[in-house]
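Visitor: One structure, as C-alpha cells, below. Some questions next.
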Amino acid sequence: MTRTKGNKMLLQELLSIINESVTFSAAVLEYDPHYDGEIYNSAKFQKEVDAECWVCDGKGKSKHGHEYECDYCNGTGKIKEFVTPFKELNVSNANARLILNMLEIDNDELIGGIKHEELPELKRKLIKLKNINTRKYTRDTVTDKGSVRVSKDEHGLSKISRGPTMIDVGVGQEQITHYIDTLLDLVDFAQKNNAAIVFN
Ligand SMILES: [Zn+2]
C-alpha cells in the first residue's frame, strides 16, 4: 500500500508540479445514471484511513510553542488519508506530454483513459521502451531569462524590462526509467483488478 499524499517524488518534479500536474492512476469504467453513460471511477480503489498528522508528528501540539493546538489536525494528532493499493504516478504537465508521446498516445488535453482491453498493447509498448535507448526523450534543464522588452512609461521615456523567467526542469534518464517502471506496475494492478488506467 502506498499513500496518495505521501508519495516520494524528486524535488525538481515536485517544484514543477506545484501549479500543474497530471496523475496516472487505476480506475474502473462504470455506468453512471446521472450522466447516462460510462465514466471512469477512480475512487473505487481509494480507502480512507486514519493516519498520524504529519504537521505535528501525531502529537497534536504545534511545534512552535507546546501550549498551542496543531491547526491541521485540531489537536487530535490524527488525520484522514486516502490510500490506494497501487502507486500513482504524479508528473508535471510537460512530463505527462512526454510520457504520452513515448506511448504514442495522442492527447493534447492531458485527460483520458486507457481501457482495460487496451492494456496488453500498453504493456507491450512499455516493455519495448524498457528495452530501447530512451535517451532521446531526456531534456536538459533550461532557464529562459525572458525576452527584453522596450516600452514607454507615462512620461514618454523608453523603459527596458524583461519578461518573466521560465524554468523547464527537464527530465533525466533515471526519471524516465522510473516512469516506465511505475506505469508497468500500474498496468499489472489494472489487469488483475479488471480496471483501466486514467490520467488527468
Ligand atoms: Zn497535527
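Visitor: Of all residues in segment 45-83, count the ones that are among the aliphatic types (A, V, I, L, M) and without any contact (Cβ under 8 Å) to a residue 24 or more places away in the chain. Working first, answer last.
Guide: Taking segment 45-83 and keeping what is among the aliphatic types (A, V, I, L, M), we get 49, 51, 55, 79, 83.
Among the residues that remain, those that are also without any contact (Cβ under 8 Å) to a residue 24 or more places away in the chain are: 55.
The total comes to 1.
Visitor: Looking at segment 38-50, which of its residues are part of a loop (DSSP other than H, G, I, E, B) and either within 11 Å of the ligand (Cβ to nearest atom) or among the hydrophobic types (A, V, I, L, M, F, W, C) (or both)? Please lay out each step first, then the result.
Guide: The first filter runs over segment 38-50 and keeps only residues part of a loop (DSSP other than H, G, I, E, B), leaving 42-46.
43, 45 - these are the residues of segment 38-50 that are part of a loop (DSSP other than H, G, I, E, B) and either within 11 Å of the ligand (Cβ to nearest atom) or among the hydrophobic types (A, V, I, L, M, F, W, C) (or both).
Visitor: Still on this model: Return the residues of segment 111-133 that are basic (Lys, Arg) and either touching a residue at least 12 places away in the same chain (Cβ under 8 Å) or on the phi > 0 side of the Ramachandran plot (or both); say none if nothing qualifies.
Guide: If we filter segment 111-133 for residues that are basic (Lys, Arg), which is where we start, we get 115, 123-125, 128, 130.
115, 123, 125, 130, listed by residue number.
Visitor: Output the residue which, of all residues in segment 51-87 that are surrounded by fewer than 16 Cβ atoms within 10 Å (Cβ to Cβ) and away from the ligand (no atom under 13 Å from the Cβ), is nearest to residue 121 (Cα to Cα).
Guide: 85
Visitor: Now a separate question. Just give me the residues in segment 143-200 being out of contact with any Phe, Trp or Tyr (no Cβ under 9 Å at 6 or more places or on another chain) and of a type in the set (S, T, N, Q), in sequence order.
Guide: 143, 147, 151, 158, 161, 165, 175, 177, 191, 194
Visitor: Could you tell me how many of the residues in segment 51-72 are outside any strand (DSSP E or B) and over 26 Å from residue 23 (Cα atoms)? Spell out the reasoning first.
Guide: Restricting attention to segment 51-72, the residues satisfying the condition of being outside any strand (DSSP E or B) are 53-60, 62-68, 70-72.
Checking the rest, the ones that are also over 26 Å from residue 23 (Cα atoms) come to 56-60, 62-68, 70-71.
Here the count works out to 14.
Visitor: Here is a follow-up. Let me spell it out: the conditions are (1) under 19 Å from residue 196 (Cβ atoms); (2) modelled with pLDDT of 90 or more, and residue 43 meets all of them except one. Which number is the exception?
Guide: Only one criterion in (1) under 19 Å from residue 196 (Cβ atoms); (2) modelled with pLDDT of 90 or more is unmet by residue 43, namely (2).
The values are calculated or read from the model by the stated rules, or taken from the named source; none is laboratory data. Remember, it's a predicted structure, so these values are computed and weren't measured experimentally. Here the Cβ is made from the backbone with ideal geometry for all residues, glycine too, and neighbour counts use every protein chain on show.
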